[in-house]
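Report on one structure; see the data block that follows.
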Amino acid sequence: MAGSSSILITGASKGIGAAVALRLAQSGYDIWLNYRSDHEAAGQVARQIEDLGRKCIVLPFDVADEEAMTGALVPLLAAETPYGLVHNAGIARDSLLAMMRREDWELVLNVHLTGFFLVSKLLIKPMISARRGRIVAIASTSGETGQAGQFNYSAAKGGMIAGAKSLAREVAKRNILVNVVSPGLIETEMIEKLPLDKMLAAVPLGRVGKPSEVAAAVNFLMSDEASYITGQVISVNGGLYI
Ligand code: NAP
């Protein structure tokens, strides 16, 4: 593990974000745990992190709300520059384009893509000054292939991939590595209502993935062993997109 330190994970009260937080805590990182509304779930994850002997700072704010985000993070950044950022917070508001409401387009873009812009912009200056850092964006197979019923979500995830590649080029000389982890179908609340029996036919490994299987890829990208990897998309999708 490179030096001190803390990693900010957005959307870590449950699902993939919670698994990432616990995996990184096992690797020795302290965790800045963001989420939006589920205080009870976030508290449980925080206790598990503390049981692992790591510190956890719980940070409820909406990643699309710049004022709330800066209000929570700026005081912390005055004292410490986190080693890493995992932008994982996400929601889906699926419908066919013909029926998609403008508010669902804007909401999904705001959380995934504007959230990634805002949180990366806030952390990148201190990371540049520190001459080190790792950023991992959690995208989706939908952002690589497109997905019917997900014009908003696929556009947001595709935008995150392009943004991450651009940032990787900007900050490589400052020893900051930026990568994307792109999950396929992962067992969380987000996919509870999907027709999984039908969808699994498209997954060569024939099953949904576990949040811990995504967390393992993020943990690798945060490790010293990933020191020559930047601007890449690592897909954790059971072969859904090859
Ligand atoms: P999840 O179980 O629904 O958890 C979503 C997390 O994001 C929660 O902690 C939630 O906080 C937080 N969140 C939502 N909106 C937020 C906002 N505006 N500001 C801050 N936090 C916010 O979802 P998941 O399946 O773990 O998904 C995590 C990420 O993986 C998302 O970016 C998703 O698009 C991506 N992904 C998931 C799958 C999958 O199959 N599950 C596949 C590909 C990609 P609260 O609940 O506390 O409000």
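Every number here is computed from the coordinates shown, using simple stated rules; none is lab data. Note that the structure is predicted; figures quoted are calculated from it, not measured. Neighbour counts run over all protein chains shown; Cβ positions are idealised from the backbone, glycine included.
Please work out the Cα center distance from the range 118-195 to the range 1-62, rounded to the nearest Å.
Comparing the Cα centres of the range 118-195 and the range 1-62, I get a distance of 18 Å.
So which trypsin sites (Lys or Arg not before Pro) in the range 1-103 end up in coil per DSSP with only 16 or fewer other C-beta atoms within 10 Å?
Loop-located and lightly packed - 55, 93, 101.
Could you work out how much longer the chain between residue 27 and residue 97 gets when fully extended? Use 0.36 nm per residue separation minus the Cα distance between them, nm to one decimal.
Working it through step by step, the gained length comes to 21.0 nm.
If the viscosity is 1.002 mPa s and the temperature 20 °C, what translational diffusion coefficient in µm²/s does Stokes-Einstein give for the range 104-242 when Rh comes from Kirkwood over Cα pairs?
136
Give me the percent relative contact order of the chain, please, defined on Cα pairs under 8 angstrom at least 6 residues apart.
20
In degrees between 0 and 90, to the nearest 10, how far off the longest principal axis of the chain does helix 39-51 point, with axes built from Cα atoms?
Computed tilt is about 50 degrees.
Any idea what angle helix 115-130 forms with the longest principal axis of the chain, computed on alpha-carbon atoms, 0 to 90 degrees, nearest 10?
The helix 115-130 is inclined about 30 degrees to the chain.
Can you pull the percent of Cα pairs in the chain with separation above 33 Å?
The calculated P(r) of the chain puts 12 percent of pairs beyond 33 Å.
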